[in-house]
Amino acid sequence: MHWGDYGWGMGFGWFFILIFWVLVVVGVVYLVKLITEGRKKEEKEETALDILKKRYARGEITKEEFEEKKIDIQ
């Protein structure tokens, strides 16, 4: 038996295990970031007509303005 390494029996094996776990954590963080960014893009995709409808619903524009702008958009 060789006891001179004081628990360092695998040499730099601990280093590779540490690198493995760091890569796993970084991979999980990256996947979560991709998923959340995908959801944000879906929410941001709002057409000009959608915005126009919201403005009309809030009373920012009249019906006549709505119809004019709707024709311009299409």
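Every read-out reported here was derived from the displayed coordinates using simple, explicitly stated rules and does not represent laboratory data. Just so it is clear, the model here is predicted, and its values are computed rather than measured.
The figures follow:
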{"item": "Karplus 3J(HN,Hα) series, Hz, for region 31-36 with 6.51 cos²θ - 1.76 cosθ + 1.60 (x for Gly, Pro)", "result": "5, 4, 4, 4, 5, 5"}
{"item": "All Cα pairs of region 13-73, percent lying beyond 14 Å", "result": "71"}
